[in-house]
1. Helix 107-124 versus the longest principal axis of the chain: what angle, 0 to 90°, nearest 10, using Cα atoms?
2. Counting Lys and Arg as +1 and Asp and Glu as -1, each charge on the Cβ, what is the dipole of the range 93-209 about the Cα centre in debye, to the nearest 20?
3. Lys/Arg Cβ at +1, Asp/Glu Cβ at -1, dipole of the range 1-136 taken about the Cα centre: which of Gln24, Met12, Met52 is farthest positive-ward?
4. May I ask you to give the percent of accessible area on the range 1-150 that is carbon plus sulfur, with a probe radius of 1.4 Å?
5. Could you compute the FRET efficiency for Asn53 and Arg198, with r as their C-beta to C-beta distance and R0 at 25 Å, rounded to 0.05?
6. What FRET efficiency comes out for Val166 versus Ser2 if R0 is 22 angstrom and r is the Cβ-Cβ distance? Round to the nearest 0.05.
7. Compute the accessible area per residue over the chain, keeping the other protein chains in place, probe 1.4 Å, unit Å².
8. Taking P(r) over Cα pairs in 10 Å bins from 0, in percent as the quantity of interest, determine which of (i) 9, 37, 41, 12, 1; (ii) 8, 31, 37, 21, 3, 0; (iii) 9, 35, 33, 17, 6, 1 was computed from the displayed structure.
Amino acid sequence: MSQEIFEIVKQMNLDNLEVQIALQCAPLISGLRFSNLFNVNNEQADYLISLMNEMHISWKILFRGKEKLTMLLYKKDILENYFSDIRVKNILKNSGYEKNIVDEEDISGLIDTFADRYCYYMQTKKYFPHEMGLFLGYPVEDVEGYLKNNGENSLYTGYWKVYENVEERKKMFSIYNVVKEEFIREMQAGKDLWHAARSVRQPFDIQPA
């Protein structure tokens, strides 16, 4: 984040839900990514859901705590296409997901299973669902690298741990940051999240991840 944007953010209301969405989910809202985890205060959950519905972004509550809940925000059609990759299917099967759900590309069943696993981890702190990178749409080779190396020996760390194509990932992360900064400028100028999203243009030389 540039010093200019850092100074703008310091002046923004960080308790504002739309500001937090812009800071954490700009690549998703702009179409550069197709899923995102998001923590929200329980009293703001209904507003978050209404915003996501308005933007045609699907959602799933993964865990509900006393004060906050964790949600998976995702673009269903793109995530479905991602789960059709044979490498993704193999990781899910090796992680214990039911074969018929994986083979049928039942996205609701897959997300429900992941939600159960995530919830169990949050309640017990046992058996972290390391396949989470798939549900966040990370490049499958980076998820494979993470699993093979138990999260160690990454070549670079940005929005996730990178195990292949480092320069390509650096470019991707840089574009994510540019889009986030554009969102912040638009909202600092008085636009709400919806109008900021319409103003920020997706670069055409990068595919969603």
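The values are calculated or read from the model by the stated rules, or taken from the named source; none is laboratory data. Being a predicted model, the structure only gives us computed values, none of them experimental. Quick reminder, even Gly has a Cβ in these numbers, built from the backbone with ideal geometry, and neighbours come from all protein chains shown. These accessible areas exclude ligands, DNA and RNA; they are computed on the full protein's heavy atoms, side chains included. Shrake-Rupley method; radii C 1.70, N 1.55, O 1.52, S 1.80 Å.
1. Rounded to the nearest ten degrees, it is 90.
2. Details: 15 positive and 20 negative charges, 107 e Å.
Rounded to the nearest 20 debye, it is 520 debye.
3. Gln24
4. Values: 3510 of 7640 Å².
Ligands and nucleic acids excluded, carbon and sulfur reach 46 percent.
5. Working: r = 17 Å, r/R0 = 0.66.
In this case the efficiency is close to 0.90.
6. On the way: r = 23 Å, r/R0 = 1.03.
Efficiency at R0 = 22 Å is approximately 0.45.
7. 54 Å²
8. Read-out taken from this structure: (ii).
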